[in-house]
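Have a look at the structure below before the remarks.
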């Protein structure tokens, strides 16, 4: 018998149905779930609709970290709903101010060898701790909390072997930017990145988490690291040594592909606008003036990240042309920085302290000025995501960010002529879990009344797939359309539990008239279709990018290719993800074309491909629909909830 990868070990230990093998559909037992408030409200509304008295996972945690800016009543009302629903159904709640879900989960809840799904695309951060942690839509989380298995296509496993040791001024962010340069943001669906090699010995868990976190930008299912001595040290520092188990790939484990990266050869890197895989050496773009630097997000907001910058800035001042903001990843990070003197150094330099929340990363505050250059340690620099459409956002390491804070321009941090600060993690972190509310026992929980504010509605229901599809191509978009393009984040997210209102902003960033056209077509008794290019649905796991189009009568998206989470979300809500059999046919469809698929129910049940007739142009083209029998039943029923609740 050949040896097993870490991925195969965790999957086979959690298999409910299927077998580990290429293209096999498998079902996994889920140990833990997480949600955040931008996606969690709808997930819990969906869970409530199932009539389950209490969650059936080992652990479920609800985090309030996205919509913490409370202008208007909507966010505060939703947070009250999240607190009462957590108490009612046996869910831990991390309150606003406690920190970003991925950072806090790593610190307080993650366990090597466990499965975790979360309604946030950066849930793979937990892979830095040796978990199989996967970002999914909120409905998949709701189903897991109800005790149901999580279904996916068995992933291919790519081995990434790290050798050597990082040189001063080069850090984990540069490793994952190198991975993005190698693999790009497209073509990695159905893949797990599994890290190994002697270079791992020099990477602590927070650094591994940075790499696992941004693996999501490659479009992979997840990334996973071994559980080794570094993992044990981190859990000891968190007072959770009992959670540690050793976990490594067998020496003769087989990988679909192996990529070697020599850490000692890496240089500081940056992702240029407007994609995380638009990677350049920092020295090649040095000299560009910088207006804003944002340090934090779930990618780079750990104790080591902020302490490193504090040491660089100690006794120095922020350049007068730069607005410098910091957002620690958790209350624990903030308290330990304060106790160890690093926060004082940051504030003395001129840094502005933001809340321990997602904030600037999702465009919720700190939008840069017009035509600004903003350097950020976050994971995404999609067009318009910062809240300023003409801003140019670069993704960089904390070290490169600190160099720009001092110089006022993009600067290779090796040019600072300063000693590189070597920051050791505390042997024991100061721990205060006062903002984590454990649920009451089941008897007490049954008396809790769930609060629902006026902004909260019922989960919208789709109708079964009709016998024939008669659609209009309501919009045609290009390649690399993200979920931010489909449904915006920022201040619009306060409507996440009010689907009729949130739907008014579908494709707002691309075409402000989409909503009006879609409603008109819907009122005429026809269906809407979206036509797209390559890699449709990149980015966030935001299932509202499927729910809101479904609410507007979208029955199909015809694209050249899809990203994994979004394609699954479309199926969950009864929308057909159709792929052009010949990519060149994309050019033959225009916005406004009348498209028909006669006998779609029969064709879907019997075939994996069928013909779309373009009545406007008098042409036709073939599409494929690569769904499992289970997914076909979901689409035919009009979505997963329809199928489950009968």
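Based on DSSP H runs of at least 4 residues, each adding -39500 (n - 2.57), what is the mean residue ellipticity at 222 nm of the chain after dividing by all its residues, to the nearest 500 deg cm²/dmol?
-8000 deg cm²/dmol
Hey, quick one: spin label on residue 201, modelled 7 Å out along Cα-Cβ, who in the stretch 210-244 has an amide N within reach, i.e. under 15 Å?
Within reach of a label on residue 201, which here means backbone N under 15 Å from a point 7 Å along Cα→Cβ, the stretch 210-244 contributes 228-231.
Calculate how many DSSP beta bridges within the chain are antiparallel, expressed in % of all such bridges and rounded to the nearest 5. Mind showing how you got there, number by number?
On the way: 29 of 90 bridges.
The antiparallel proportion sits near 30 percent.
By DSSP, what percent of the beta bridges with both residues in the stretch 109-259 are antiparallel, rounded to the nearest 5? The partial results should precede the final answer.
Numbers: 1 of 17 bridges.
Taking every DSSP beta bridge within the stretch 109-259, about 5 percent pair in antiparallel fashion.
FRET efficiency for residue 182 and residue 443, Cβ-Cβ distance as r, R0 = 35 Å, nearest 0.05?
The computed FRET efficiency comes out at 0.05.
Any number yet on Rg/Rh for the stretch 336-432, C-alpha, Kirkwood?
1.00
Can you tell me the 0 to 90 degree angle between the C-alpha axis of helix 205-214 and the longest principal axis of the chain, rounded to 10?
Helix 205-214 sits at roughly 30 degrees to that axis.
Order 626-635, 100-109, 581-590 from most to least packed using the mean count of other Cβ atoms within 10 Å. Don't skip to the end; give the middle numbers.
Working: 626-635: 17.5, 100-109: 27.9, 581-590: 13.9.
Top of the packing list down: 100-109, 626-635, 581-590.
Starting from the Cα of residue 630, step 7 Å along the direction of its Cβ; do the same at residue 602; then give the gap between the two resulting points in nm.
In this crude label model, residue 630 to residue 602 measures out at 2.9 nm.
State the Cα centre-to-centre distance between the stretch 578-646 and the stretch 264-303 in whole Å.
For the stretch 578-646 versus the stretch 264-303, the Cα centre distance is 41 Å.
Given (1) 35.2; (2) 28.8; (3) 26.9, which label gives mean projected area of the Cα convex hull in nm² as computed from the coordinates?
Only one listed value fits the structure, namely (3).
Determine, for each peptide in 525-534, 391-400, 602-611, the mean count of other beta carbons within 10 angstrom over its residues, then list the peptides with the highest first.
Top of the packing list down: 391-400, 525-534, 602-611.
Would you mind giving the three semi-axes, in whole Å and largest first, of the ellipsoid equivalent to the stretch 184-233 according to its Cα gyration tensor? Don't skip to the answer; put the middle values down first.
Numbers: eigenvalues 100, 19, 15 Å².
Semi-axes, largest first: 22, 10, 9 Å.
For the stretch 29-161, what mean projected area does the convex hull of the alpha carbons give, in nm²? Could you put the intermediate results ahead of the total?
On the way: hull surface 33.5 nm².
Mean shadow area of the hull around the Cα atoms is 8.4 nm².
Quickly rank 281-287, 123-129, 170-176 as a protection proxy: mean count of other C-beta atoms within 10 Å, highest first. Write down the numbers at each step before the final one.
Working: 281-287: 16.0, 123-129: 31.6, 170-176: 26.6.
Top of the packing list down: 123-129, 170-176, 281-287.
Quick check: the angle from helix 514-523's long axis to the longest principal axis of the chain, C-alpha only, nearest 10 degrees?
That works out to roughly 30 degrees.
Using a 7 Å offset from the Cα along the Cα-to-Cβ direction at both residue 316 and residue 262, what is the distance between the two label points in nm, to one decimal?
For residue 316 paired with residue 262, the spin-label model returns 3.0 nm.
Give the separation of the Cα centroids, the stretch 52-101 to the stretch 450-504, in Å.
22
Specify the angular offset, from 0 to 90 degrees and rounded to the nearest 10, of the alpha carbon long axis of helix 303-313 from the longest principal axis of the alpha carbons in the chain.
50
Once R0 is set to 41 Å, what does the formula 1/(1 + (r/R0)^6) return for the Cβ-Cβ distance between residue 504 and residue 229, expressed as a FRET efficiency to the nearest 0.05?
0.20
Could I have the simple spin-label model distance between residue 458 and residue 29, label points 7 Å from Cα toward Cβ, reported in nm to one decimal?
Computed distance between label sites residue 458 and residue 29 equals 3.5 nm.
Can you give the Rg/Rh ratio of the stretch 469-645, where Rg is from the C-alpha atoms and Rh is the Kirkwood radius?
0.93
Rounded to the nearest Å, what's the spacing between the alpha carbon centres of the stretch 121-168 and the stretch 213-253? Just the number, please.
11
Quick check on the stretch 269-416: of the DSSP beta bridges with both residues there, what percent are antiparallel, nearest 5%?
So the antiparallel bridges in the stretch 269-416 amount to around 25 percent.
Computed from the coordinates by the stated procedures, all read-outs in this text should not be read as laboratory data. No experiment lies behind these values; they were computed from the predicted model shown. So basically every Cβ, Gly included, is an ideal-geometry build from the backbone, and we count neighbours across all protein chains shown.
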